[in-house]
Each structure stands twice: as C-alpha cells, then as structure tokens.
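Remarks on the structure that follows.
Where a number appears in this text, it was derived from the coordinates with a stated rule and is not lab data. What you are looking at is a predicted structure, and each value in this text was computed from that prediction instead of being measured. Neighbour counts run over all protein chains shown; Cβ positions are idealised from the backbone, glycine included.
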Amino acid sequence: MIAKFDFALNRPEEDQAELLAAVEEFADALGLPPSVRYRLGLVIDELVSNCIAHGARPGEDRGIRVGISDSGDDMTVEIVDSGPPFDPTAHASRKCLQPGDVKVGGMGLCLVRNLATRMEYSRFDGFNRTRITIAKSIQENACTSGR
Amino acid sequence: MHLRQIEHPRAAVFLVSGRLDATSTPELERKVLLSLESGVRHLVMDFSELEYINSAGLRVLVMSYQRLNPRGGSVMVCGVRDYIAEIFDISGYNRIFAMHADMAHAMQEIDATPDAQ
C-alpha cells in the first residue's frame, strides 16, 4: 500500500507551522528514521517558505497544496501553488558555497537541491508544480564546492 | 525554541533547544547579532538539544560568520545531532563553521587561541 499525505494551505503564512507538524505526524506514523524525517520536513519547509516569500502578490490570497507519497524506496513530495511562474530547478545550485564567497541568499533552494535525488518542475493551468524525490536509503551527496 | 545565553569574555555563547525555523529564528537573530556588537571574536552555538534547523537558522550562522571572519574570529557549532550534521556536510557549511563534538572542546579551542585584540 502506498501511504499518502495531502495538506492544503489556504493562508500559507498562518498554516505553515500546522503543515510541518502534520508532516512530522505522517513521518512518525510511517516509522521513518530521523534522517529521512528531517529531510522530508526540511524540503517541504524550504519550498513552501519560498512560495510565500517570492510568490505572493500584495492583498492576494493564494493557496498551496502539499502532497507526499511513500512508494517504498522513495518519498515523493509534490507542491502545487498558484503564484507567478517560478522554476526552482533553474535557481537551485548544488553549490551552496563558492570559494571565497559566503552569501546568505539562495540557501533554502540549495539545501533542497542537495537533499533531492530528483527535482522536477512544470507549469500548468496557472499553477506551479514542483516534484521532489527523496531516497529513503540516504547516500551522502556532499557538496564539493571549493574542494 | 528555547534559548539560553552564557556569559564569556571572548565569545557569544548560546544554548539552543527545540526547533529553529521561520517562527523562532528572528529572536535568535536579534540576540546573536546584538551580542556580536560587543566585539567578541567567536560565536559558540551549542546545538546538542536542537531538533530542527532550516535555512533561516543557518542564515544566522552565516551572517555571524560574515561579521566575525574579518576579526579573525569563528563560528563554532557544538554537539549537533547526526541527522542535522548531514545538512552541514552536504551543503558545505561544515567548512566555514568549526564543528565540535561538544561545548567543552569549543571552549578549549578558544582558550588556546591567542587574543589578537
């Protein structure tokens, strides 16, 4: 059986903490190890925060929908939002740190890029859809920037 | 998040427990950056009771690094749990922060480092 999770954020800024608590409960129910549970919560946290920070238009309510499915070897996260077109795969570098250059911007997407085994984006009917795959068997994917 | 600050003449020392996320990080940022204005050379963060950190929390460490590095100082991260340590490793932040097994080791390093001021 494939375990599924579905959560709608009608008021994203207010609902984000409740979403993350629900993700924790879902991960607990599946008995995921701490490392996978943390990665799952972090990826969702960062992508939803990115939607909130960069997608909202003043005075406009916008919804975000977060889905998770457990397919055995992988966890798949799908985030659909109604904001302006934004392709996180075009902005997310694996290199969080460049030699001699320590910046505070873009850290969230960089973390997501390094945690995901697959990251896909599509735009359809006015919605952004980002799909992230997280492997349950964690393999170190160390950032080699500057080494 | 629960935050406790320990007085030290050469370092800003914080013990952080619970979750460092978008809700709790502004308080940490305010207190950490204020403490760095006193001219200390090092920031020591005890994360042994930290359960969660996201990019907002990491950003506070990077901002601290940007202030302390020109003074010859450092950001020391202590006791971080294994699943969180992985995030420092894969993102490369373990190369700009000094990662210590516990706060005692960080304090030993501070004591062994000559004060350039």
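Can you give me the angle between helix B:103-112 and the longest principal axis of chain B, using Cα atoms only, in degrees from 0 to 90, rounded to the nearest 10? In chain B, helix B:103-112 runs at an angle near 20 degrees to the longest axis.
Think of each Lys and Arg Cβ as +1 and each Asp and Glu Cβ as -1; about the Cα centre, that makes the dipole of the stretch B:2-102 roughly 440 debye. For the protein assembly as shown, the dipole from Cβ point charges (+1 on Lys and Arg, -1 on Asp and Glu) about the Cα centre works out to 880 debye, to the nearest 20. With the convex hull drawn over the C-alpha atoms of the protein assembly as shown, the volume per residue is 132 Å³. Dividing the summed helix terms, -39500 (n - 2.57) for each DSSP H run of n ≥ 4, by the number of residues in chain B produces a 222 nm estimate of -12000 deg cm²/dmol to the nearest 500.
Amide H to amide H, with H built 1.01 Å from N, B:I53 comes under 5 Å of B:L20, counting only residues 5 or more places away or on other chains. Taking a Cβ cut-off of under 11 Å around B:Q5, the surrounding Lys, Arg, Asp and Glu residues balance to a net charge of 0, with basic ones at +1 and acidic ones at -1. Taking other C-beta atoms within 10 angstrom as a stand-in for reagent exposure, A:F124, A:F26 fall in the order A:F124, A:F26, fewest first. When the Cα positions of A:C96, B:F14, A:P34 are compared along the charge dipole of the protein assembly as shown, A:C96 comes out farthest toward the positive end, with charges on each C-beta of Lys, Arg, Asp and Glu.
Taking other residues whose beta carbon is less than 9 angstrom from the beta carbon of B:L50, and scoring Lys, Arg as +1 and Asp, Glu as -1, yields -1.
For the stretch A:3-135, the dipole from Cβ point charges (+1 on Lys and Arg, -1 on Asp and Glu) about the Cα centre works out to 580 debye, to the nearest 20. If the label point is 7 Å along Cα→Cβ of A:H54, which residues in the stretch A:114-137 have backbone nitrogen under 17 Å from it? Zone members listed by number: A:114-116, A:119-124, A:127-132.
Rounded to the nearest 0.05, the FRET efficiency derived from the C-beta distance between B:S48 and A:R123 at R0 = 41 Å is 0.40. Taking only the Cα atoms of chain B, the radius of gyration and Dmax are 13.0, 38 Å.
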